[in-house]
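Here's the structure, in structure tokens; my notes come after.
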């Protein structure tokens, strides 16, 4: 039975396969900065509910400001554009926001630079994304912001995988685990990359750590099942995928888990 599920799973193995990514890490990252001025907060809220209106608002706002306030308008513009899938435009807006942020605000520059990098990734421009993320990484390190440096390292790993540079991607994920050991994504993506390279024992250790941090993340459950089935542990794979269905019924992850279970067939 295990062989029947190996074909679609093994098709995911290889350095050129993108690491799994939830919707680009732009929408939540903008909420992790310092408390936002009221105008930025209002604009970001509108970007969530009415991105087209927020674009118009941000363009008018940007035209009347300079420096740090202009950077806020550009950040909101980029978020609104990303909500509409306008990734190239969002990338340009986030770059402008970063460049208009005071040099002394390294953490804020890192955040906005990472937003630009993620927009470039979403536009399938991995080389441009990596260049932007390298600058963001430098800003985060200069700001002594390890959590942000860890998130940027994860983004760099995704870009490096797209560029078929798996050894560098593995190094970036090692940095992510060091800088942000409580970030489950660092461990999940490390496990995914290790599994795709056939390092199943290492992948198992890393996915166990991811599950300890966030036991209800369905993506972690999916990956745990893939690692288990490739390691010849069919019962463990079933348990992982069944837990995904129970935790997130009706979700895309649950549909994927059910598909894997269907390929395994009935339990003996």
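The values are calculated or read from the model by the stated rules, or taken from the named source; none is laboratory data. What you see is a predicted model; the values in this text were computed from it and never measured. No Cβ is skipped: glycine too gets one built from the backbone with ideal geometry, and neighbour counts run over all protein chains shown.
What to note about this one:
- Screening residue 252 on (1) surrounded by fewer than 17 Cβ atoms within 10 Å (Cβ to Cβ); (2) at pLDDT 95 or above; (3) in contact with a helix residue (DSSP H, G or I) (Cβ under 7 Å, 6 or more places away or on another chain) shows it passes everything except condition (3).
- Residues located in region 44-64, provided they are farther than 14 Å from residue 84 by Cβ and either touching a residue at least 24 places away in the same chain (Cβ under 8 Å) or surrounded by fewer than 16 Cβ atoms within 10 Å (Cβ to Cβ) (or both): 44, 45, 60, 63, 64
- Residue in region 94-107 that is without any contact (Cβ under 8 Å) to a residue 12 or more places away in the chain, closer than 24 Å to residue 162 by Cβ and out of contact with any helix residue (DSSP H, G or I) (no Cβ under 6 Å at 6 or more places or on another chain) present: no
- Within region 88-120, the set of residues being part of a loop (DSSP other than H, G, I, E, B) and surrounded by fewer than 20 Cβ atoms within 10 Å (Cβ to Cβ) comprises 102, 103, 104, 105.
- Among the residues making up region 240-254, those that are part of a helix (DSSP H, G or I) and more than 22 Å from residue 196 (Cα to Cα) are 242, 243, 245, 246, 247.
- Residues in region 37-57 that are modelled with pLDDT of 95 or more and outside any helix (DSSP H, G or I): 1 in all.
- Qualifying positions in region 258-268 - buried (at least 17 other Cβ atoms within 10 Å of the Cβ) and farther than 23 Å from residue 202 by Cβ: 261, 263, 264
- Check on residue 22, under 30 Å from residue 200 (Cβ atoms), outside any helix (DSSP H, G or I) and at pLDDT 55 or above: no
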